[in-house]
1. Which condition breaks for N174 when tested against (1) closer than 21 Å to P316 by Cβ; (2) assigned to a helix (DSSP H, G or I); (3) not aliphatic (A, V, I, L, M)?
2. Among the numbered conditions (1) surrounded by 15 or more Cβ atoms within 10 Å (Cβ to Cβ); (2) at pLDDT below 95, tell me where E139 comes up short.
3. Looking at E177, E226, which one is open to solvent by 60 Å² or more (accessible area, probe 1.4 Å), of a type outside the set (S, T, N, Q) and in contact (Cβ under 8 Å) with a residue 40 or more places away in the chain?
4. Just need a number here: residues in segment 100-133 that are surrounded by 20 or more Cβ atoms within 10 Å (Cβ to Cβ), at pLDDT below 95 and of a type in the set (A, V, I, L, M, F, W, C).
5. Looking at segment 112-126, can you tell me whether even one residue there is over 15 Å from Q248 (Cα atoms) and within 18 Å of the chain's Cα centre (by Cα)?
6. V161 - would you say it is open to solvent by less than 50 Å² (accessible area, probe 1.4 Å) and in contact with a Phe, Trp or Tyr (Cβ under 8 Å, 6 or more places away or on another chain)?
7. Before we move on, is N24 closer than 30 Å to V126 by Cβ, at pLDDT below 90, open to solvent by 50 Å² or more (accessible area, probe 1.4 Å) and not hydrophobic (A, V, I, L, M, F, W, C)?
8. What is the number of the single condition among (1) closer than 30 Å to E75 by Cα; (2) under 12 Å from the mean Cα position of the chain (by Cα) that N207 does not meet?
Amino acid sequence: MAGTVSHLPADALLSRRVQEMVINGEEPPHLYICRNGDHEPDQDVPTQLSSIPIIDLSLISSSSSQPSSKPDHDELRKLHSALSSWGCFQVIGHGISSCFLDSIRRVAKEFFEQPMEAKKKIEKGVLEVQGYGADPVPEEGQPLDWSDRLVLDLYPQDQRVPKFWPETPTSFRNILEEYSYKIKTLTEQISKAMAKSLNLEENCFLNQFGERAQLQARFNYYSCCERPDLVLGLKPHSDGTGYTIILQDDVEGLQVSKDGKWFTVPTISDAFLVLMGDQMEEPLQIMTNGMFKSPVHRVLANSKRERISLAMFYTPEANKEIGPEQALINDINPKLFRNFKDYAVTHWEYYQRGQRALHVAKV
């Protein structure tokens, strides 16, 4: 292999693409190294033993064409249990066809497999969030992620930055536009299902998110790495969103933490992984007054195959105050979190330090 780029500062490394380093045969630069070389097998739970719950949304969401249909109470209990114990679940029965899911995976793959010159047409600055590149520079001492990504704001529509939307592949924009509409509809179904699982009015979380709730797409490309024991595709963190909807490809690597162990999320072609963010731990732990959890998760590197995923971040509208639902507060369950505005901003500040921010909202 070529020599290691060992002493470049973080901002200089982040101006380069991990994919380029792999093509050039470079070893991981020192700022990407965050593991000690041990695989820690006693802490990793293999996929076949992973028990991450699977929820069939079609059993919960009543069809408008069948107004007399009732949600499945067993499935609602499963959902409540999943969010209370895991803080995540895999959702099926969401109404988005497998054919269309394959199409969004295809254009994502085609985008990242383009020559670097084509992708750099929509390259972001080191400090910018939207566009193609890497996350902004973390605070000193925090490792870099072994991945490249494309981040685009989708809703509200007036927040979009068209110059960052890829022109190639030519079908990318139309497919993402349709996908964003479908996911926006799915967030409404999921929000209502979570409210029902707590015996709350079904629109309560939608009201907290607001009419201008934010939806952001993050396409992740995890390049192969010859030393997956030294780097991580994405370092451990919890999301600062309300919740995140993740579409995986067929390559494993995403893990969630529970009871001191890392559980690998199975790849199910027609399923989305729904991860609670801190704001749902705050509505769903800020909003649910701590009843639902926001799990720490990470992405492993792979020595043989690259991996692509698409995360959709669903966040309350800007300047919208969120807080625990009053129906969940009583003498037995006192208010655990104060009302908060723009929690995602505070979350990002702590994330850059490698810390969680949930404590700032505690009463």
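The values are calculated or read from the model by the stated rules, or taken from the named source; none is laboratory data. Everything numeric here is computed off the predicted structure, so don't read it as measured data. Note: ideal-geometry Cβ built from the backbone for every residue, glycine included; neighbour counts use all protein chains shown. The protein model used for the area step is the full one, side chains on, heavy atoms only, and it has no ligands, DNA or RNA in it. Shrake-Rupley method; radii C 1.70, N 1.55, O 1.52, S 1.80 Å.
1. Tallying (1) closer than 21 Å to P316 by Cβ; (2) assigned to a helix (DSSP H, G or I); (3) not aliphatic (A, V, I, L, M), N174 fails exactly one: (1).
2. Single failed check for E139: (1).
3. Answer to the check: E226.
4. 0
5. No: segment 112-126 contains no residue that is over 15 Å from Q248 (Cα atoms) and within 18 Å of the chain's Cα centre (by Cα).
6. no
7. No: the conditions fail for N24.
8. If we test N207 against (1) closer than 30 Å to E75 by Cα; (2) under 12 Å from the mean Cα position of the chain (by Cα), just (2) comes out false.
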